[in-house]
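The values are calculated or read from the model by the stated rules, or taken from the named source; none is laboratory data. Everything numeric in this text was worked out from a predicted model, so none of it was measured. Every residue, glycine among them, receives a Cβ derived from its backbone with ideal geometry; neighbour counts consider all protein chains shown. With ligands, DNA and RNA removed, areas are computed over all heavy atoms of the protein, side chains included. Shrake-Rupley method; radii C 1.70, N 1.55, O 1.52, S 1.80 Å.
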Amino acid sequence: MKNAAGINAFPLVGAADPRARVRRVMPFVFTLIAIGVFLPEEFSFYLFGLRLTVIRLIYLLLAPVLVVKGIEKISSGKYRFIPSDLLVVCAGFWLIIAPASLEDLSSALNHAGPTVLEFCIGYMAPRILFSEHGHAVSFVNLLCRAIAIVALVGVLDPITGQRFTHEAAGLLVGGPTHTLWSIDDGYRLGLLRATGAIEHPILFGFASTIGLLIAASVPVQGRMFVIISCALGLIFSFSSAPMQIALLGFILLLYNHFFAQIASRWKILVLVGAVGITAAFLMSNSLIGFIITNLTFSPQSGYYREWTWEMVGIYVSQSPWVGLGYGEMPAEINHTIDSLWLVLAIQSGWPGSLLVGLSLLGAAPVFTKGRTPDLMPVETKLAATLGILLCLTVLFVFTVHLWGSVWVLLGLLLGMKAHLSELAYLSRSANMQ
């Protein structure tokens, strides 16, 4: 059912029922967020010497509102602690304080501030402003359609042989088009790799994977449009990592569907996976080498990433707590680093990487416990899918660095997952009274 604004509304099932499908309109700011996330970098601008994207400006304006609303939520008794709440705050703090200890606070805020803003405010927005059944579903409906449009327009890149969206954005604002990746890696199979409005083909493929997996498991509006568009975006990104993540995601979605009645299904899977990976390493002389050689588009790129891990490990081990900061890097690692964990380790030490990773896992395993969680069926599916995506992201970023649109998107997914976990706890507590 839809309300007059076109946003999903849910029929009332009784005022005494804590899971009542109340008619609630998603806060309007999330419409702006869904649009702002995917605006090309060419629309960025400078304010007081700081380079701001549209989404950063929205988040800066939203930050004081979140502080006030957060205090109101806690004082009203509608807050339940989720591990990621603490971990995200600690991660944001460490990403700034670690480089500040090497240089100064002003420099650290200038370099790390945008990263922390995009991740932490992206998390806190749905975590604090979503409060009712249906809020997360309404936002996912909008977000998936936005991803689908970005993916479909991105297919014009290989068709036209140019970065269509970025070139068009550059013409609109009368500025230069941003150079986003090496031209040597810009083509696969004789075609230009698609990026759409996003910063890199791999990130474009991962964003398409997110839309594809959510639409495949949750009955979003325009479902077939989202699935087809995101599938095309994934294919024309010509990136093996997002394709592997998509395949693994579908396997996990099927696993969750067929074993939904087993409450400990995820613990069993983690145990079996750990045993299998350990056995594979013991039985193979070079499991990573086999994966790089046989399961990637460019084995050379894969071996380069493996070498980068070795070099970064050597240099960060000399300053493991706070990393190397944002100054000039040693020659061996003074190049593009294709791993979020390594980039964070360089900038803020291994604790920075660990805290961000634990933030993702701090919300992901909280799968609305029990066979009948106190959520709507669509919310239960969404919670499980978000948990799967967050866990897959932990694996994905071992060989991929996240920034820009997808980094912002990650914070939003994490915040939605934490909101749904809290909603289940609140509903369960109300039922027990």
Subset of region 26-64 (residues that are within 17 Å of R127 (Cα to Cα), outside any helix (DSSP H, G or I) and of a type outside the set (A, V, I, L, M, F, W, C)): P27
Which numbered condition S237 misses (of (1) in contact (Cβ under 8 Å) with a residue 12 or more places away in the chain; (2) open to solvent by 30 Å² or more (accessible area, probe 1.4 Å); (3) farther than 30 Å from D374 by Cβ): (2)
Among (1) part of a loop (DSSP other than H, G, I, E, B); (2) open to solvent by 10 Å² or more (accessible area, probe 1.4 Å), the one test that L395 misses: (1)
Qualifying residue in region 96-118 (condition: within 17 Å of I35 (Cα to Cα) and of a type outside the set (G, A, S)): yes
Selected residue (criterion: modelled with the lowest pLDDT) from residues of region 396-428 that are over 12 Å from the mean Cα position of the chain (by Cα) and over 17 Å from T380 (Cα atoms): T399
Cβ-Cβ under 6 Å pairs, at least 6 apart or on other chains, region 194-209 side on the phi > 0 side of the Ramachandran plot, far side not in a loop (DSSP other than H, G, I, E, B): G196/V150; G196/V153; G196/G154; G196/T165; G196/F204
Filter result for I227 (of a type outside the set (F, W, Y) and either open to solvent by 50 Å² or more (accessible area, probe 1.4 Å) or within 17 Å of the chain's Cα centre (by Cα) (or both)): no
The one condition in (1) touching a Phe, Trp or Tyr at 6+ places or on another chain (Cβ under 7 Å); (2) of a type in the set (D, E, K, R); (3) open to solvent by 10 Å² or more (accessible area, probe 1.4 Å); (4) over 24 Å from G357 (Cα atoms) that E167 fails to fulfil: (1)
Filtered residue count, region 81-109, keeping only those that are more than 23 Å from the chain's Cα centre (by Cα) and open to solvent by 30 Å² or more (accessible area, probe 1.4 Å): 7
Breaking point among (1) open to solvent by 80 Å² or more (accessible area, probe 1.4 Å); (2) modelled with pLDDT of 90 or more, for A4: (2)
Residue within region 94-101 that is under 30 Å from S301 (Cα atoms), among the hydroxyl-bearing types (S, T, Y), out of contact with any Lys or Arg (no Cβ under 6 Å at 6 or more places or on another chain) and assigned to a helix (DSSP H, G or I) present: no
